[in-house]
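The values are calculated or read from the model by the stated rules, or taken from the named source; none is laboratory data. Keep in mind it's a predicted model, so treat the numbers as computed, not measured. With ideal geometry, Cβ positions are generated from the backbone for all residues, glycine too; neighbour counts draw on all protein chains shown. Surface accessibility is based on the protein's heavy atoms, side chains included, excluding ligands, DNA and RNA. Shrake-Rupley method; radii C 1.70, N 1.55, O 1.52, S 1.80 Å.
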Amino acid sequence: MKQTLWTRPLYYIIAFAFATISLYPIVLMVLSSFKPSAEIFMNPLSFPKNFSLDTYRRLIEEVPFGTYFFNSVFVSVISVLLILVTTSLAAFYIARYTFWWNNFLFFFFLMGMMIPIKLGIVPLFILMKDLGLLNSLWSLIFMYTAGGIPLSILILTGFFRTMPVELEEAARMDGASDLRILWSVLIPLIRPALGTVMIINFISSWNDFFFPLIFITDEMKKTIPVGMLSLFGEYSADWGTLFAGLTLSSLPMIILFFVASKQFMDGLTAGAVK
Amino acid sequence: MQIETNTPIVKQKKTRNWKRWAIHLFPIPALLIFSIFIVYPLVAALSYSFYDWNGITRGAFVGLANFIDLFTLQPFSNMFWNAAKNNVLYFVVQMIVQNGIAFVLAFIIYKRIKGSEFLKVAYFLPRLLSVIVVGFLWKLILNPNFGALNVILGEFGMESLQKAWLGDPKTALMAIILVNCWFGIGFAMLIFLAGLQSIPKELVEAAKLDGANGANVITKIILPLMLPSIMIMTVLTFIQSFEAFELVYAMQGSQGEPYYSTDLLAVFFYRLAFGGSAAGDSTAVGLGSALAVVLFLFIATCTALLLKYMQKKQVEM
């Protein structure tokens, strides 16, 4: 395409203007969290003049933030582990064997990607009640595992299919069982795909607040996102603390993102493209 | 090729029978969890819609009465059509604003400008926040008295534009949709960028040699070849807007305030299923299930049609 004189500068203006729109609210959130409320009202846009960690101190002392944090970690880690184990097994089966029902099984799982599970929330609520899982972190773990299964199976099945069959055959000749082949031969080879599955599901379970909103009422069982909900009820006038709460709840994800931003972006989009 | 995969198993047949069967246990855990917590509730929601409900206890079979009530009984039918209208707007604006801007940004990054790695990170960062954080953060920014947006407008001498963005029924829904766009642009940008990068460079070069101008290259070559990623974003945006709930709940509560101007189908559904609705009476669970079924059929049909249409387009090319 012919480059006219003004196209390049125009590209830069649009690109960086939008970067500002994207980042500014997040920067504002972090900066405001170091200001006492009075200063937020007076200088909402400037850097904090009296830099203070007071808001964070109050947040941690008065809100069971540590408990929320632990609950979030527990729920996310266990569901991601469950997803990795169950979907590796299932995807291996679907990709490597050709029984007549395998295609049916594959599409059965894929259906779950187009269906908004929120619509089944009333029966789910009753089911959780009957199973005695209301107000238990396990209700969330089961939901996130079930919800993560379709996409994870899609990604892993695709990866298994690209692996050379010869490796398995050699192992089989040596008398290795299917489980042994999956664990020692294939799992090390599909590590990148497992990483993708891990990140996608970690983000969605860490950030979700729909299921805890419905299943969890016990203060000590809340995850960070629903914890924020009650924070906004109680501190509605205390802007500094609110901003501190928002910052603190986003921080783990933002730190992880800066450690592995490429994997995060590849991971989230892999689900859509592949 | 897949038949070859099978041969080792055939060989095993004679010797280790139990090992041959053990393989069928592999998909069972995933199948169980998926069936119990995803498939069963959705099927159950369908059956719930045919019953009369007393709180959360099931009453008599009433056939299609819940569906008829949903469309004819006040105030539900008004709420339904109002939420449906808002939902359509939600989808259309998101398609135009979010995906339009994302496309332009992807195109600019594709043109290899300096700092593109930083830009990608910057656009994507909002996507990492929980929707509830996004909602609350923007609620604070849009606050009429001290929120940053009105302050910024003031600094630039545009006091006349200052508004109670979320308090005014005329602007509240649009404000929420734009916040949703802010959240989603980075993801859409990456999808479009992947689409752009998959276009063979030679095709674009050849067209340029043949004297095609910029606009022609975009409309005749780039856009058609990007159809797969455009299709993916259309389907994802569609599904996401018709199940949108969290952002409205975080910013405006379960009543879609002010005056139901930000009500969406999924928010209305939440009210019917879990109360907080003016009508917290015996019919709510049945009505809610009927709404879930209608919404489900609508999303499934439209998604299938969209996919089919786009597939046909692709084959035609």
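Quick rundown of the values:
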item	result
Chain B - percent of accessible surface contributed by carbon and sulfur, probe 1.4 Å	67
Cα gyration tensor, the range B:165-317 - rounded (a/c under 1.5), prolate or oblate	prolate
Kyte-Doolittle mean at least 1.6 and Cα axial length at least 24 Å: DSSP H helices in chain B	B:172-197
Förster radius 45 Å - calculated FRET efficiency between residue A:45 and residue A:77 (Cβ-Cβ, nearest 0.05)	0.70
Residues losing 30 Å² or more accessible surface upon assembly, the range A:138-169, compared with the chain by itself, 1.4 Å	A:142, A:146, A:149, A:161, A:165, A:169
GNM top mover of B:105, B:305, B:70 - chain B, alpha-carbon springs below 10 Å	B:305
Protein accessible surface hidden between A and B, which excludes ligands and nucleic acids, total in Å², probe 1.4 Å	9200
Among B:180, B:102, B:22 - extreme Cα towards positive end, dipole of chain B, charges at beta-carbon	B:22
Whole-percent carbon and sulfur share, accessible surface of the range A:14-107, 1.4 Å	78
The range B:94-166: trypsin sites (Lys or Arg not before Pro) in DSSP loop, at most 11 other beta carbons within 10 Å	B:112, B:114
Cα→Cβ-extended label distance, 7 Å offset, between residue B:197 and residue B:302, nm	3.1
Entries in B:85/B:163; B:114/B:139; B:120/B:208; A:118/B:120 that, when Cα-Cα distance is taken, lie over 26 Å	B:114/B:139; B:120/B:208; A:118/B:120
1.4 Å probe accessible area per residue over chain A, in Å²	43
Carbon/sulfur fraction of accessible area - the range A:174-230, other protein chains in place, 1.4 Å, %	63
Trypsin sites (Lys or Arg not before Pro) within the range A:1-94: DSSP coil, no more than 12 neighbouring Cβ in 10 Å	A:2, A:49
Cα-based convex hull, the range A:90-187, per residue volume (Å³, whole number)	130
Under-5 Å amide H pairs with residue B:59, H placed in peptide plane, nonlocal only	B:52, B:53, B:54
Minimum 40 Å² accessible area buried by the other protein chains, the range A:100-124 residues, probe 1.4 Å, relative to alone	A:108, A:109, A:114, A:115, A:116, A:117, A:118, A:119, A:122, A:123
Chain-alone versus full-assembly comparison, the range A:205-219, residues with accessible loss of at least 40 Å² (1.4 Å probe)	A:207, A:209, A:210, A:213
Cα gyration tensor shape of the range B:198-264, rounded if a/c is under 1.5, else prolate or oblate by comparing a/b with b/c	prolate
Under the span-like rule (Cα at least 30 Å along the axis, Kyte-Doolittle mean at least 0.5), DSSP H helices of chain A	A:7-32, A:65-96, A:137-162
Mean accessible surface per residue for the range B:55-96, computed with a 1.4 Å probe while every protein chain stays in place, in Å²	55
